[in-house]
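As structure tokens, the structure follows; a few thoughts come after it.
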Amino acid sequence: AVDLDVFGRASLFQWIGPAATEYGHRTLASWLLSPASAPEILSRQAALSELAPLDGWREQLASFGVLAASHRPDSIAAFRRWAERGPALRGLAVIKVAVYVIVASMWILGALDLSGVMPNSLWGIPLLVGIALSFATAHAVTRVFDEAGTGERTLSQYASIFEHIDSQRFTSPGLAALQQTMSAEGRPAPLAMRALNRILSFADLRRGAALLHFPIQAFTLWDFHCLFA
């Protein structure tokens, strides 16, 4: 490949590129080194024909890529491993139901007590159960947020790229298929990234505001709401 000037100084790789991100470099290199089938070649040609006249759109996409290029690809890989793995908590379905039952009963009993409709101190029971549940699952919950947050801090820089790609409607099969993969349970990638950013910002209460984290967690079981959102 070097002898054919596919790679190296003043090579085809440099002339086509440079790609803005590490993953772009890898993809372009693999395309130049690996043969493609005839249908795949036609699909790429159709995509190029559609992208060719979109000068402004491509330049803006490249600028977003340059801004995200400084981030390490291993952080993105860590985020992907977390996102593609199954539930990290055992008995997730049972815990999910318990969380909503505990929070609902706590607030209902508390409201009845404060309003005088049914004076009681029973609201303390679900509160204690919630605290016990929080401590019992604290290690697993913390690990989930740490794993998600490490890569997400890097991947959040790609949110503008996702939004820019989502703003353009493509008709060529390859580009249209790519856009269809940029969603999570029907939610577009930009919206999913913003939702994840909000969840992790609230989860950061455990580090940045420890005194506030305990009462918020005790009365809302917020960590679990985040995990099950």
Segments classed as helices (runs of 4 or more DSSP H), wholly inside the stretch 127-189, with at least 3 members that are modelled with pLDDT of 80 or more: 159-166, 173-181
Inter-residue pairs, beta-carbon under 7 Å, first among the β-branched types (Val, Ile, Thr) and in the stretch 103-123, second surrounded by 15 or more Cβ atoms within 10 Å (Cβ to Cβ) and part of a loop (DSSP other than H, G, I, E, B), 6+ apart: Val103/Leu221
Given (1) modelled with pLDDT of 75 or more; (2) open to solvent by 40 Å² or more (accessible area, probe 1.4 Å); (3) out of contact with any Phe, Trp or Tyr (no Cβ under 8 Å at 6 or more places or on another chain); (4) within 30 Å of Ala136 (Cα to Cα), index of the condition Gly91 fails: (1)
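Would you check which residues across the stretch 107-126 are part of a loop (DSSP other than H, G, I, E, B), at pLDDT 80 or above and exposed (fewer than 13 other Cβ atoms within 10 Å of the Cβ) and list them? Before the answer, list the steps.
Taking the stretch 107-126 as the starting set, the residues that turn out to be part of a loop (DSSP other than H, G, I, E, B) are 116-123.
Among the residues that remain, those that are also at pLDDT 80 or above are: 116-119, 121-123.
Of everything in the stretch 107-126, those that are part of a loop (DSSP other than H, G, I, E, B), at pLDDT 80 or above and exposed (fewer than 13 other Cβ atoms within 10 Å of the Cβ) turn out to be Gly116, Val117, Met118, Pro119, Ser121.
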Residue, least open to solvent (accessible area, probe 1.4 Å), within the stretch 204-229, restricted to residues that are at pLDDT below 70 and under 17 Å from Glu147 (Cβ atoms): Phe228
Close pairs from the stretch 186-201: first over 18 Å from Val144 (Cα atoms), partner open to solvent by 30 Å² or more (accessible area, probe 1.4 Å), Cβ under 6 Å, at least 6 apart: Pro188/Asp166; Ala189/Phe162; Ala189/Met182; Pro190/Phe162; Pro190/Glu163; Pro190/Asp166
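For the stretch 1-40, enumerate the residues that are free of Cβ contacts under 8 Å to residues at least 24 places away in the same chain, in a loop (DSSP other than H, G, I, E, B), open to solvent by less than 90 Å² (accessible area, probe 1.4 Å) and under 20 Å from Ala62 (Cβ atoms). Before you say what the answer is, go through the steps one by one.
In the first step, residues of the stretch 1-40 are kept if they are free of Cβ contacts under 8 Å to residues at least 24 places away in the same chain; the result is 2-5, 8-18, 25-31, 34-40.
Applying the additional criterion that residues be in a loop (DSSP other than H, G, I, E, B) yields 2-5, 8-11, 17-18, 34-37.
Checking which are open to solvent by less than 90 Å² (accessible area, probe 1.4 Å) leaves us with 5, 8, 10-11, 17, 34, 36-37.
Those that are free of Cβ contacts under 8 Å to residues at least 24 places away in the same chain, in a loop (DSSP other than H, G, I, E, B), open to solvent by less than 90 Å² (accessible area, probe 1.4 Å) and under 20 Å from Ala62 (Cβ atoms): Ser11, Gly17.
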Cβ pairs under 7 Å, 6+ apart, first in the stretch 165-179 and more than 18 Å from Ala36 (Cα to Cα), second of a type in the set (Phe, Trp, Tyr): Gln168/Trp57; Ala176/Phe170; Gln179/Phe170
Of all residues in the stretch 57-72 being out of contact with any Ser or Thr (no Cβ under 8 Å at 6 or more places or on another chain) and not hydroxyl-bearing (Ser, Thr, Tyr), the one that is modelled with the lowest pLDDT: Val66
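The values are calculated or read from the model by the stated rules, or taken from the named source; none is laboratory data. These numbers were taken from a predicted model, which means no experiment stands behind them. Quick reminder, even Gly has a Cβ in these numbers, built from the backbone with ideal geometry, and neighbours come from all protein chains shown. Surface accessibility is based on the protein's heavy atoms, side chains included, excluding ligands, DNA and RNA. Shrake-Rupley method; radii C 1.70, N 1.55, O 1.52, S 1.80 Å.
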